[in-house]
Amino acid sequence: MFSYFELFTAYRFLKSKRRERFISLISFISMAGISVGVISLIIVISVMKGFQNNLKDRILGMNAHILVQDASQGLIEDYASVIKKIMTVKGTTAASPFVYGQVIVASRNRVSGVVVNGILPLEEKNVSKIVEFMTHGSLDDLEEYYQKGKKGVIIGNELANTLKIKAGNDISIITPSGRITPLGMVPHLQKFKVIGTFESGMYDYDSNMILIHLNEAKKFFRLGNKVNGIAVRTQHIDMAEEVAKEISKTLDFPYLARDWISLNKNLFAALKLEQIAMFIILTLIIIVAAFNIISTLLMTIMEKQSSIAILKAMGARREQIMKIFMIDGFAIGAIGTFWGAVIGTTACYILKTYPFIKLPKDVYQMDTLPVDMEIQSIILIIVAALLISFISTIYPSWNASRMEPVEALRYE
């Protein structure tokens with residue numbers, strides 16, 4: 001593609017001389033500009049991807065891939081037969097019923113509004129990753145407590161801190177929908193013993209959710225043999241959308257299956273939009289640096305007018321002159337891109353290995369800055385930087401190739 005003559009001449013033109021140090025300084029600034037743009041893009045995109053993946057892992061850790069609910073009545077009565085039908089759908093690996101409701105919890109010191117999630121402990125292991133988040137006790141303890149006729153509850157660490165309690169303490173769970181008496185509505189209240197705690201890393205879950213046995217939840221909310229829905233796990237999270245559609249077809253109306261993507265559609269759409277917006281904004285840094293490459297080449301061409309004229313007088317063709325300056329400009333962009341990629345990936349590796357940047361959990365749902373480098377994203381950034389650098393060389397190089405030897409040497 002490029003001959004030895006073109007490469008050698010480009011190298012000689014790019015090499016600094018004492019009187020051309022200003023041009024070399026501009027070249028260095030152009031390289032630095034490209035590097036800063038690539039570094040910023042790699043770090044920001046990796047951090048935003050880290051946020052997205054971290055949120056996805058946390059959400060799927062506490063929730064199933066698919067939720068099946070009754071769209072008309074809101075409650076599923078014969079859930080055992082519904083689960084049998086769900087398990088016939090290809091791609092499903094587990095299904096478990098759940099009860100969901102808002103309550104008030106009270107300890108001796110504090111009161112807080114939370115959400116009760118009634119689960120079957122032994123089946124919940126197969127539809128969520130709550131087991132991985134347990135900091136004290138286990139789901140087996142919850143099942144064992146129920147089998148003994150006792151009332152146990154598992155709560156988040158943040159809620160435990162709010163209520164100023166720990167494992168072994170008692171709490172009262174109160175629901176506003178109690179029983180009606182001549183004196184009015186009497187709230188339904190029951191005492192539970194805290195037998196376990198969990199920490200998912202999601203502040204909303206850790207501070208607002210408690211887990212009790214499904215049968216206890218049905219009694220507490222007076223649901224009889226009904227449940228709010230069925231949690232379903234698929235072989236892979238990417239299959240959830242397709243499997244959810246197939247479940248909806250299998251069960252038919254009034255049952256509705258929604259996958260984790262649709263349940264959190266707004267959140268992930270906002271994150272994706274922010275990622276694209278940041279990519280475009282930070283790419284402007286590279287574009288600004290590309291203008292420096294243009295100015296560097298134009299000044300080099302003005303400085304090398306006589307050399308260009310001599311080369312053309314000796315027989316150098318227009319396309320050869322154009323290639324010489326395109327090599328010079330592209331080399332500036334390539335060197336800047338290389339060092340930007342090296343520094344950017346190194347910075348991301350350090351941030352991921354040593355998470356020294358702390359975040360407020362109640363704001364960002366995580367306590368450290370997440371970083372997730374993707375080879376595809378880094379390659380895209382490098383290709384974009386090289387492409388912008390290459391495009392920036394076209395006009396100055398074309399301008400140099402049109403130079404007439406007689407006009408260039410007239411005033412020498």
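Couple of notes before you dig in:
- Residue in region 48-66 that is of a type in the set (Gly, Ala, Ser) and without any contact (Cβ under 8 Å) to a residue 12 or more places away in the chain present: no
To keep it simple, each residue is scored yes or no on (1) modelled with pLDDT under 80; (2) outside the structural domain of Ser200 (by TED's automatic domain parsing); (3) farther than 19 Å from Leu273 by Cβ.
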| site | (1), (2), (3) |
| --- | --- |
| Ser24 | yes, yes, yes |
| Gly33 | no, yes, yes |
| Val36 | no, yes, yes |
| Ile45 | no, yes, no |
| Phe51 | no, yes, no |
| His65 | no, yes, yes |
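- Within region 206-224, the set of residues being polar (S, T, N, Q) and either in contact with a Leu (Cβ under 6 Å, 6 or more places away or on another chain) or not assigned by TED's automatic domain parsing to the domain that holds Gly152 (or both) comprises Ser207 only.
- Residue that is out of contact with any Gly (no Cβ under 9 Å at 6 or more places or on another chain), under 16 Å from Lys245 (Cα atoms) and among the aliphatic types (A, V, I, L, M), where the choices are Ala80, Ala94, Ala106, Ala71: Ala71
- For region 374-391, the tally of residues that are within 30 Å of Tyr354 (Cβ to Cβ) and surrounded by fewer than 19 Cβ atoms within 10 Å (Cβ to Cβ) stands at 8.
- Failed condition for Ala71, given (1) within 30 Å of Lys272 (Cα to Cα); (2) of a type in the set (Gly, Ala, Ser); (3) touching a Lys or Arg at 6+ places or on another chain (Cβ under 8 Å): (3)
- For Val105, the requirement of being in contact with a strand residue (DSSP E or B) (Cβ under 9 Å, 6 or more places away or on another chain), outside any loop (DSSP other than H, G, I, E, B), surrounded by fewer than 18 Cβ atoms within 10 Å (Cβ to Cβ) and touching a residue at least 60 places away in the same chain (Cβ under 8 Å) is not met.
The values are calculated or read from the model by the stated rules, or taken from the named source; none is laboratory data. These figures come from a predicted structure and were not determined experimentally. In this analysis, Cβ positions are derived from the backbone assuming ideal geometry, glycine residues included, and neighbour counts consider all displayed protein chains.
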